[in-house]
Structure formats: structure tokens, C-alpha cells
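As C-alpha cells, the structure follows; a few thoughts come after it.
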Amino acid sequence: KPKPPKPPNPAKPAEVVSENAPPLNTPAALSAEMQKLQDDNASLSALVSSLTSQLNTAKVSTDSQSTALNSSASSRATTASAAPSSAALKYLPEPDAPKRATSAYIFYSINPEIREAVKAAMPAAEQGNNKALVAALAESWNKATPEEKAPFHAMAAEDKARHDKEMAAFMPGKKARDEERKRIEAYLNEERTAAALAYYEENVENKVKKTKKDPDMPKGKSSAYNCFMKDRFAAVKASGVAPNEVLKVISEEWAKANKKTVAKYEKLAAADKLRYDAEMEEYNVRLAERNADEAVAYEEIKEKALEREKKEKAAMNKVIRAEVKTKVEVAAKKAAKEQKKEEKKDKVKKPMSAYNVFVKANYETVKAKMGAEAGFAEVSGEVSKMWKELDAEKKKPFEEGAALDKERYDREVAEKAC
């Protein structure tokens, strides 16, 4: 906090203000000046927020390019990272929160007359330095007399009364607003987690997975060329042909093969096709049976999932009903208590006995003598002992008091009956 400032230097008076100009040390003028300063601060805050948002967007874009992932996932990641963090959320100001009370020193330091006077008293080299001006204002406030500070203390007191009044209207709903902000924070955390999981599944996990061939599926059928290649591959390779030229040589031999050779391998290919078709028929039967078993297993899992969901809902409903029942019971007890309280107000107080009058007159005195450690039972026992030691003559005033209270009781009962 800045040091409170000094009054203007009398050797260097402030600039002369026109007689027609409005007074500058009134609450309205100072509030207008303070509002102008706050508007400037709001503009700077908006600029900082805009630059921060642009920086976050640029960072997300750079991260997306470096990972070389698809655009749809990148957009989701950008959306997730653009959501406000839980740390930032709790510092977001409430839009309807009352404006803070202004201190006497702030009213003093924003007074245009005082600012100009203090500035004029500063060395010419420091007059453009805002930090030096704040220090000079603090020194001026410290040196100001109580009479000079009094108007600003009055303004501060008036503004504090305004703040207290607005806070009294603002605080009742604060708990609900805080709970709402916690719900928003939990929702944002859940959204970020879901976006991260979706991003991982689409761009990382699926790229690692490979399509696995069904091990039960029959071996594919061979064409006439495939059969020829199987026969010739070992011989061509053993002839000294370069490994990358083996298939090229076999292909050239197949192209030059006569009809008899081609017919031989076509016959082999036809036989392999018959083998493949027979095995596929058996495979399709097994596949249908397996799919049927999986469908049954799926239905069983589905039923279990539905049953689990029903149990969870039932448990939740049970908790909710218990909470509602508790609230109803509490409300009923409170209503009964209030009703009993009202009935007690209307009920005529019973008359006191002579002993009751004695206790009322002596209980606090006896308690003070026995000390704070003495409990109700100990004090009551001592008072009862004192009452028993009284003779008839000493009890007479308390019996008269009881008689008077009985008259009061009879009178109130009669009035109530009317």
C-alpha cells in the first residue's frame, strides 16, 4: 500500500480554478474521477485477457502441428484447452459483487486539486513520473492535519455505509452462487477429461491397433499363376538370379508358357478352389454359431448392465427419499416447535410458590458466592437448604409475594376467558 500523502506546499499553490467551475472535492466529482480511472483499468484488463486468449490459441495450434494429428481431433483438443481452468475459474469476479469501499486516502489522492498541487510542488524532472507522484501524494497525506483529512474521512464513511448496505443484499445468495461455480468447475474438468480420452482413442490408440485375421478362416484359394510361382520359385532362386529379380523372371516364364503348361496349373487352381469352397462352407457354419453365442453373451451383458443401472437408480432414489424425509421431519419439528412457542406466548404463566419466589430472589446471589465452577444442581441444593433453615416469620415476605402472583394469575385467566 502507498504511504499516505502530504498537503500541498504553500510555497507553490495549485493552479487557479475558474469561479464558474464545479467544486472538485465533492463526492460526486471525486466519484466521477474514480470511475474514469476504473474504466481505464477495465480497458487494460480486457486487452490483457485478449492477448492471453490469442497466446493460448497459438500454443494449441503449435502443439497440434507438431503431433501431426488429424484436424477433427485437433479441434477438440483446442476446445478442451480453451475452456477456463479450475484455477482460473475461482478467480473470476462475480459480476454483481458490490464495489469495494473507498478509503479516505484514495479519495484524497484522486482529488484533482490536490494532485495538481502536489505535482506542481515536485521537481520538474519528476513531474512526469507517476511512481514519484504516488510517493509525493503519500507523503502529503502523512503530513496533512486532522482538519484537512476530515472531509475525506467523511467521504470514506459514507462510501463504507453504501458498501455495507449493498453487501447485506449481496451475501444471502453467495452460497448458492459458490455452489454453482463449483458445479461449473466440475463440469469443465469432466469435459476436458472426455475430450482428452476421445483425442487419445481416435489418434493414438487406434493407430497402434492392427486388424487381426481370424485364425479360424480357411487359407485363400490360389490362382494358376500362384501355383506356377510356387513350383518355380526355389529353382529360379537357386539359379543365381538376384533376389529382387526372382519374381520378374517367374512372371516372364509364365508369360511365355505354352498352353499345356498353363492348363496344368489351371487344373491345380481349380482343385484348390474346390478345397477353399468346402472349407469356407464349414467356416461359415462355425462363424454363424460363434456369432449366435456372442449375441447371447451380449444380451446377457446388456441385461446385467441394465440391472446394475436399475440398482444404482434405486439406491440413489432411496438416498433422495431419505433426504426428503429428513427435511420434511425437520420442517415438521420446526413448525411444531414454533407452534408450541406461539401457544406458550398465549398461555397464562402459572403462579409461583413462596419457594419459587425465594429461589428467584436468591439464586444469582448464591451462584456468585459459590463461584463459576458451581453447577445448577449444586446452587439449587444450597438455595433449598437456605429455604429450609428459614423460620415462619422470615418466610412470610415470600409467601406474600406468592399470594400477589396468584392474584396476577387469577386476573389474567379471567381476562383471557372474557
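The values are calculated or read from the model by the stated rules, or taken from the named source; none is laboratory data. Since this is a predicted model, take the numbers as computed values, not measurements. Because the Cβ atoms are built from the backbone with ideal geometry, glycine has one as well, and the counts that use them run over all protein chains shown. Accessible surface is based on the protein model in full, side chains and every heavy atom, while ligands, DNA and RNA are left aside. Shrake-Rupley method; radii C 1.70, N 1.55, O 1.52, S 1.80 Å.
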Selected residue (only one of 333, 349, 325, 345 is touching a residue at least 60 places away in the same chain (Cβ under 8 Å) and open to solvent by 100 Å² or more (accessible area, probe 1.4 Å))
349
Is it the case, given these coordinates, that residue 269 is in contact with a Ser or Thr (Cβ under 7 Å, 6 or more places away or on another chain), open to solvent by less than 70 Å² (accessible area, probe 1.4 Å) and among the small types (Gly, Ala, Ser)?
yes
List pairs: first in region 149-166 and closer than 22 Å to residue 139 by Cα, second surrounded by 13 or more Cβ atoms within 10 Å (Cβ to Cβ) and of a type in the set (Val, Ile, Thr), Cβ under 7 Å, 6+ apart or cross-chain?
156/102
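Residue 248 - would you say it is farther than 27 Å from residue 217 by Cα, of a type in the set (D, E, K, R) and either out of contact with any strand residue (DSSP E or B) (no Cβ under 9 Å at 6 or more places or on another chain) or surrounded by 11 or more Cβ atoms within 10 Å (Cβ to Cβ) (or both)?
Values: farther than 27 Å from residue 217 by Cα: yes; of a type in the set (D, E, K, R): yes; either out of contact with any strand residue (DSSP E or B) (no Cβ under 9 Å at 6 or more places or on another chain) or surrounded by 11 or more Cβ atoms within 10 Å (Cβ to Cβ) (or both): yes.
Taking the combined requirement at face value, the residue satisfies it.
Quick check on region 370-392. Is at least one of its residues on the phi < 0 side of the Ramachandran plot, in contact with a Gly (Cβ under 7 Å, 6 or more places away or on another chain), open to solvent by less than 50 Å² (accessible area, probe 1.4 Å) and in contact (Cβ under 8 Å) with a residue 12 or more places away in the chain?
Checking region 370-392: not a single residue is on the phi < 0 side of the Ramachandran plot, in contact with a Gly (Cβ under 7 Å, 6 or more places away or on another chain), open to solvent by less than 50 Å² (accessible area, probe 1.4 Å) and in contact (Cβ under 8 Å) with a residue 12 or more places away in the chain.
Residue-by-condition table, conditions (1) over 19 Å from residue 216 (Cβ atoms); (2) modelled with pLDDT of 90 or more; (3) open to solvent by less than 90 Å² (accessible area, probe 1.4 Å); (4) within 60 Å of the chain's Cα centre (by Cα):
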| position | (1), (2), (3), (4) |
| --- | --- |
| 265 | yes, yes, yes, no |
| 279 | no, yes, yes, no |
| 282 | no, yes, no, no |
| 293 | no, no, no, yes |
Which one of 359, 366 is surrounded by 10 or more Cβ atoms within 10 Å (Cβ to Cβ) and touching an Asp or Glu at 6+ places or on another chain (Cβ under 6 Å)?
366
Within the bounds of region 211-231, is there any residue that is of a type in the set (S, T, N, Q) and at pLDDT below 65?
yes
Count of region 93-135 residues which are without any contact (Cβ under 8 Å) to a residue 40 or more places away in the chain and open to solvent by less than 60 Å² (accessible area, probe 1.4 Å)
3
For residue 316, which of the numbered conditions (1) open to solvent by 80 Å² or more (accessible area, probe 1.4 Å); (2) without any contact (Cβ under 8 Å) to a residue 12 or more places away in the chain; (3) closer than 30 Å to residue 411 by Cα fails to hold?
(3)
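Taking the condition of being among the small types (Gly, Ala, Ser), modelled with pLDDT of 70 or more, loosely packed, with under 14 Cβ neighbours inside 10 Å and over 22 Å from residue 98 (Cβ atoms), how many residues in region 170-198 meet it? Lay out the reasoning, then the answer.
Narrowing region 170-198 to residues among the small types (Gly, Ala, Ser): 173, 176, 186, 194-196, 198.
Next cut, modelled with pLDDT of 70 or more only: 173, 176, 194-196, 198.
Checking which are loosely packed, with under 14 Cβ neighbours inside 10 Å leaves us with 173, 176, 194.
From what's left, over 22 Å from residue 98 (Cβ atoms): 194.
Summing the residues that are among the small types (Gly, Ala, Ser), modelled with pLDDT of 70 or more, loosely packed, with under 14 Cβ neighbours inside 10 Å and over 22 Å from residue 98 (Cβ atoms) in region 170-198 gives 1.
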Cβ pairs under 6 Å, 6+ apart or interchain, first in region 225-251 and closer than 19 Å to residue 269 by Cβ, second open to solvent by 70 Å² or more (accessible area, probe 1.4 Å) and assigned to a helix (DSSP H, G or I), ordered by first then second residue, are 227/268; 250/232
